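Scroll down for the structure; my scribbles are underneath it.
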Amino acid sequence: MDDMLAVARLQLDYAAAVDNDALERWPDFFTADGLYRITNAANEARGLPIGIVHCAGQAMMHDRVLSLREANVYEAQRYRHLLSLPVVTRDGDTLSATTSFHVARIMQDGATLLFATGEYRDVVVRDGEALKFRQRVVVLDSERIDTLLAIPI
């Protein structure tokens with residue numbers, strides 16, 4: 001139960017940072033060599049490793065945030081995450097978690113729609129005093145990807 005609550009806290013803090021446009025904090029939820037990947041269920045089932053988004057390490061994540069802030073052109077938007085409780089297993093000091101999510105996208109004009117559903121497949125480790133993601137694979141339920149996918153899910 002303690003593992004589940006600790007992982008749930010990490011996931012809630014992560015979602016709050018993304019939902020509140022604190023994207024500069026996003027890489028800090030990962031270990032220095034952490035992996036963040038967005039894919040879909042069909043590709044994951046086929047064992048296809050290439051994701052829609054692939055960031056290997058905090059440096060790539062920082063670059064992605066800088067790109068979102070300074071270079072990319074996309075319609076202003078924000079997210080609101082709804083998360084299930086994680087199903088957590090422990091192997092020594094490593095926690096693995098699977099968590100379902102719904103993400104609503106709120107556009108600048110106020111339009112709100114269901115943007116993505118799926119599950120997080122996380123590997124979580126202790127890094128100093130904090131739990132961090134060593135790996136976060138975002139597995140989208142749908143093969144149809146909105147071209148406005150800019151912000152981390």
Restricted to the range 54-83 and to residues being more than 19 Å from residue 17 (Cβ to Cβ) and in contact with a Phe, Trp or Tyr (Cβ under 9 Å, 6 or more places away or on another chain), the residue most open to solvent (accessible area, probe 1.4 Å) is 54
So, first residue of a type in the set (Phe, Trp, Tyr) in the range 37-65, second residue surrounded by fewer than 14 Cβ atoms within 10 Å (Cβ to Cβ), Cβ within less than 9 Å, six or more apart or across chains; the pairs are none
Output for Cβ contacts, cut-off 7 Å, separation at least six or different chains, first residue at negative phi in the range 106-126, second part of a loop (DSSP other than H, G, I, E, B) and among the acidic types (Asp, Glu), reads 107/75; 108/75; 115/146; 117/141; 125/93; 126/93
Restricted to the range 54-89 and to residues being in contact with a Ser or Thr (Cβ under 8 Å, 6 or more places away or on another chain) and among the hydroxyl-bearing types (Ser, Thr, Tyr), the residue nearest to residue 113 (Cα to Cα) is 84
Filter the range 19-52 for residues that are aliphatic (A, V, I, L, M) and open to solvent by less than 10 Å² (accessible area, probe 1.4 Å); the one that is nearest to residue 137 (Cα to Cα) is 38
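Each row is one residue, and each column tells you yes or no for (1) over 19 Å from residue 121 (Cα atoms); (2) touching a strand residue (DSSP E or B) at 6+ places or on another chain (Cβ under 6 Å); (3) not in a strand (DSSP E or B).
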position	(1), (2), (3)
4	no, yes, yes
8	no, no, yes
54	no, yes, no
73	yes, no, yes
90	no, no, no
If you go through 37, 78, the only one that is of a type outside the set (Asp, Glu), modelled with pLDDT under 95 and assigned to a strand (DSSP E or B) is 78
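The values are calculated or read from the model by the stated rules, or taken from the named source; none is laboratory data. Not measured: the values here are computed from a predicted model. Don't worry about glycine lacking a Cβ; one is built from the backbone with ideal geometry, like all the others, and counts go over all protein chains shown. With ligands, DNA and RNA removed, areas are computed over all heavy atoms of the protein, side chains included. Shrake-Rupley method; radii C 1.70, N 1.55, O 1.52, S 1.80 Å.
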